[in-house]
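*Asks:* Below you'll find the structure I mean.
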Amino acid sequence: MGLNWFDAAKAKEFGNSLGDFFIQKIPVNDSQTMDDKLFARKTKKVLASMSTQIVEFRRSNSLNIYKRAQLSNAFKWTLKEAGYSNEYVNELTMWLVRQL
């Protein structure tokens, strides 16, 4: 096992970029100001786009368990720091983990 196994810089960067992408597309206050159906439709579209990004990232990057954990943790903290509720952040992070 080489030191590359622990090099999660790209994974962390991608996790942060996914979080930033989500924040840009669905700002924190959207869930409070939009009706539920519109919010669900918008979220589904954004998650589909993120899923495509994840597939592309996985094709070009080997993700071991450590890198997956670092990626999802970076994503989670990006959303938490933006002000999303813990419950919503945990739900989105679990979605991300299933995609990885």
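*Asks:* In units of 2.2 N^0.38 Å, what is the alpha-carbon radius of gyration of the chain?
*Replies:* Against the compact-globule rule of thumb, the ratio is 1.11.
*Asks:* Gain in length, Tyr88 to Gln24, computed as 0.36 nm per residue apart minus the alpha-carbon separation, to one decimal in nm?
*Replies:* Result for the pair: 21.4 nm of gain on full extension.
*Asks:* Across the stretch 49-57, in residue order, what do the Karplus-derived ³J(HN,Hα) couplings come to in whole Hz, using 6.51 cos²θ - 1.76 cosθ + 1.60 with θ = phi - 60° and x for Gly and Pro?
*Replies:* 5, 5, 4, 4, 4, 5, 4, 4, 5
*Asks:* Go ahead and run the numbers for FRET between Trp95 and Asn4, Cβ-Cβ distance against an R0 of 22 Å, rounding to 0.05.
*Replies:* The pair Trp95/Asn4 has a calculated efficiency of 0.20.
*Asks:* Sorted from fewest to most neighbouring beta carbons within 10 Å, what does the list Leu100, Leu92 look like?
*Replies:* Leu100, Leu92
*Asks:* Here's a follow-up. With label points built 7 Å along Cα→Cβ from the Cα atoms of Asn64 and Ser49, find their separation and express it in nm.
*Replies:* 3.4 nm
*Asks:* Also, quick follow-up: Using the Karplus curve 6.51 cos²θ - 1.76 cosθ + 1.60 with θ = phi - 60°, what ³J(HN,Hα) values do you get for each residue of the stretch 80-97, in whole Hz, with x for Gly and Pro?
*Replies:* Calculated HN-Hα couplings, in order: 4, 5, 7, x, 5, 5, 4, 4, 5, 4, 5, 5, 5, 5, 5, 4, 4, 4 Hz.
Rule-based calculations on the coordinates, nothing more; no lab input. Every value quoted in this text rests on a predicted model; they were computed, and no experiment measured them. When we count neighbours, we look across all protein chains shown, and the Cβ atoms used for this are built from the backbone with ideal geometry, even at glycine.
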